[in-house]
Structure formats: C-alpha cells, structure tokens
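**Q** Here it is: the structure, laid out below.
Derivation of every value follows stated rules applied to the coordinates shown; laboratory data play no part. This one's a predicted model, so the numbers in the text were calculated from it and none came from an experiment. A quick note on method: Cβ atoms are made from the backbone with ideal geometry, for glycine too, and the neighbour counts reach across all protein chains shown.
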Amino acid sequence: MKAIARNMGIAALILAGFAVVGTGLVAVTYTSTQDIITEAQRAALEASLNQLVPADRYDNRVIEDRIEVVAPEWLGTDQPVTVYRARKDGQPVALFATPTAPDGYSGPIQLLIGVYADGTLAGVRVLAHKETPGLGDGIDQRRSPWILAFAGKSLKNPEPDGWKVKKDGGAFDQFTGATITPRAVVKATRKFLEYVQMQREQLFAPTTTAKGPQS
C-alpha cells in the first residue's frame, strides 16, 4: 500500500509539473503573439477605413484619434460606439463609426460608415449580418454593388423624403423579395448622418477635450 501511495504521489507531482510547464508555455506564447495580433487588427481596421477615405486624404493616425459615444436612438445600440476621426494639417476631413441597423430581417446589421466633414457620405459597408442568402445578403459588397450607391449621398442628396427605399417612395433600390433589409440599412445610415450633423463640433473636437457626445 505504501508503494502504491508513493507511486500515486510521484504521478501527481509529474502531472502538476506538466501543468505548470504547459501554463507557462501558453503564457509565453500569448505574450509574444499579442503584439502581432493587435497590430494585425489595427492594420485590418485601417485598410477598411481606407476603402472609404483614401489614406492620402488625411495625415493623422486615425485609429488613435478616437472617442467613444453612446447614442442609442441614432446609433442603433445602447453600447458605446467608437468614432474615428481623420484630419489633415489638424483640420477635420472625415469620421468613421460602426453604428447598427437594429431592424434587419434576421437580426441587427453591423455597419461601417464614413462621413466627410461637409456631411457627405464617404461610403457605407456591412461588417456583419445574418440576412437570408440570396435575398437580404445583397447588402454585402461581395454579393452585390448595392451598398456602393451610398457614396456621395448626404441629407440634402436625396432630400429627407428620399431616404427610403423606392417601395416606400424613396430614392434607394430594394431587392426583389427582400425590402426589410435594405430599408433597415437606409434608415440606419440616415440616422447616423443626422447624428453627425447635430454633433459635428463635438465629434471632431480634439481628443484631449472631447467628452463623447450623448444622444
């Protein structure tokens, strides 16, 4: 019995040793790769932003010039939304944010919207959605060029009544058999433009003084 107990104790110590070594290896691997992962994420974000506003239009580090805002009525979520600001020679050029269209057919639709300082849309992209393949997924640029039509639009182009899909009397196309999805994106984009118009000064304020405008 003593021999069995001694062998069990040795086995337990060996297992504990493996656990310690394994944990250490995981920690070392995480630490050594975290910077690489973070930089890759930053590069991916910058690439997405540059699809809307070319990098030669601004000279600041956009992903570092940011504020957090909470405006559920305008941004479609009660969670903080990051607003990134592009500047050139210290002057506002554009801002980017990821508002949500909460009323998609199959659930919320995550958007990336860029707006120039004059209120003109730099563009809109869909980051995430659960819309029906072959119908509502036409909002995805990989499936259809529909989303590209937002570039150059503003609250004056079209006029307020035009910020609807054509089925509702507006200026934007819908998809055959799928009106709810494009309607949600058009509405969310219009509301974000309205928010930017109302809060432009605060949104573009220098990071040191910006407080993050609320709804």
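**Q** Order of Asp137, Asp56, Asp173 from fewest to most other C-beta atoms within 10 Å?
**A** Asp56, Asp173, Asp137
**Q** At a Förster radius of 41 Å, what calculated FRET efficiency corresponds to the Cβ-Cβ distance of Gln202 and Thr176, to the nearest 0.05?
**A** The computed FRET efficiency comes out at 0.50.
**Q** Turning to a different aspect of this structure: Cβ under 14 Å from Gly170's Cβ, Gly170 left aside: what net charge do those residues give with Lys, Arg +1 and Asp, Glu -1?
**A** Result for the local shell: +3.
**Q** Additional query: Would you kindly derive the ³J(HN,Hα) couplings of segment 60-69 from the backbone phi angles with the Karplus curve 6.51 cos²θ - 1.76 cosθ + 1.60 (θ = phi - 60°), listing them in order in whole Hz, with x for Gly and Pro?
**A** 9, 8, 4, 5, 9, 9, 8, 9, 9, 10
**Q** Now for a different question. Give me the one-decimal nm value for the distance between modelled label points at Lys167 and Lys130, 7 Å along each residue's Cα-to-Cβ direction.
**A** 2.1 nm
**Q** From the phi of every residue in segment 86-93, what ³J(HN,Hα) in whole Hz does the Karplus formula 6.51 cos²θ - 1.76 cosθ + 1.60 yield, where θ is phi - 60° and glycine or proline is x?
**A** 9, 9, 9, 6, x, 9, x, 10
**Q** With a Förster radius of 22 Å, plug the Cβ-Cβ distance of Gln51 and Asp118 into 1/(1 + (r/R0)^6) and report the FRET value to the nearest 0.05.
**A** Between Gln51 and Asp118 the formula returns 0.65.
**Q** Per residue of segment 130-137, in order, report the coupling 6.51 cos²θ - 1.76 cosθ + 1.60 (Karplus, θ = phi - 60°) as ³J(HN,Hα) in whole Hz, putting x for Gly and Pro.
**A** Ordered by residue, 3J(HN,Hα) equals 10, 6, 5, x, x, 10, x, 6 Hz.
**Q** Separate question: In the neighborhood of Gln79, defined by Cβ-to-Cβ distances under 14 Å, what is the net charge if each Lys or Arg adds +1 and each Asp or Glu adds -1?
**A** With Lys, Arg at +1 and Asp, Glu at -1, the net is -3.
**Q** I would also like to ask the following. Compute the Rg/Rh shape ratio of segment 56-203: radius of gyration over Kirkwood radius, all on alpha-carbon atoms.
**A** 0.97
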